[in-house]
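The values are calculated or read from the model by the stated rules, or taken from the named source; none is laboratory data. The shown structure was predicted, so the numbers you read here are calculated from the model rather than taken from an experiment. Glycine also receives a Cβ, built like all others from the backbone with ideal geometry; neighbour counts cover every protein chain displayed.
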Amino acid sequence: MDSVKERSVDEVVSTILGKYNQRHHLMRILQEVQSNYGYLPREALEKISQSTGIPLSDIINVATFYHQYRLEIPGYYIFLVCMGTACHLKGNQDNYNVLRNTLGIKKGNTSSDGLVSVEKARCFGCCSLAPVMMVVSRDGCERYLHGNVDIKETKKLALTYRSMASKKVRSGE
Ligand code: FES
């Protein structure tokens, strides 16, 4: 990811639309916007609509239909909990629930302090490590894979990443 903090939404979206600007590219465009911001800012969706002529309502329909897109800003770290068959059979639904409980997430996907989000994900392709969860930073610069996680380890990971997120946010990262 480049220095998105220093570039306006307008500039970021214009760069993306310089590569893809047809209606059939919409999913690709949204993926690139999300990889820059960790979610899809409303301003970016409006800019895409103005520049491509795709109605904003159509863009929002696509963004809400597919789980891969986020319309709300996520926590600094995002737990992606694999719900593929192997991970599901080995207890990742329980791990998912433990993450939410440990982080006090009752509604939506993000803790009330805004530090950590928990989402379900598809198979990561490393099923021999099931159950698996991936933790990514909102800016996409950090990515950690955790395999063979049990409930005890899941609780520890939740607390560790919340503490790391808190330090990063306090230091202005
Ligand atoms: S089912 Fe979880 S990594 Fe494949």
Among ASN61, ASN21, ASN36, the single one that is loosely packed, with under 12 Cβ neighbours inside 10 Å and out of contact with any Leu (no Cβ under 8 Å at 6 or more places or on another chain) is ASN61
Being under 30 Å from LYS168 (Cβ atoms), touching a residue at least 12 places away in the same chain (Cβ under 8 Å) and of a type in the set (Lys, Arg) narrows ARG23, ARG100 down to just ARG100
Subset of region 136-152, residues crowded, with 16+ Cβ neighbours inside 10 Å and either closer than 10 Å to ASN95 by Cα or within 14 Å of the ligand (Cβ to nearest atom) (or both), comes to HIS146, GLY147, VAL149
Checked against (1) within 20 Å of TYR37 (Cβ to Cβ); (2) loosely packed, with under 15 Cβ neighbours inside 10 Å, SER163 satisfies every condition except (1)
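Yes/no per residue for (1) of a type in the set (S, T, N, Q); (2) farther than 12 Å from TYR77 by Cα; (3) in the same structural domain as VAL81 (by TED's automatic domain parsing):
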residue	(1), (2), (3)
SER111	yes, no, yes
GLY114	no, no, yes
PHE124	no, yes, yes
ASP139	no, no, yes
TYR144	no, no, yes
ASP150	no, yes, yes
LEU159	no, no, yes
ALA165	no, no, yes
Practice task
For LEU103, state whether it is under 18 Å from ILE73 (Cα atoms) and modelled with pLDDT of 95 or more.
Solution key: yes
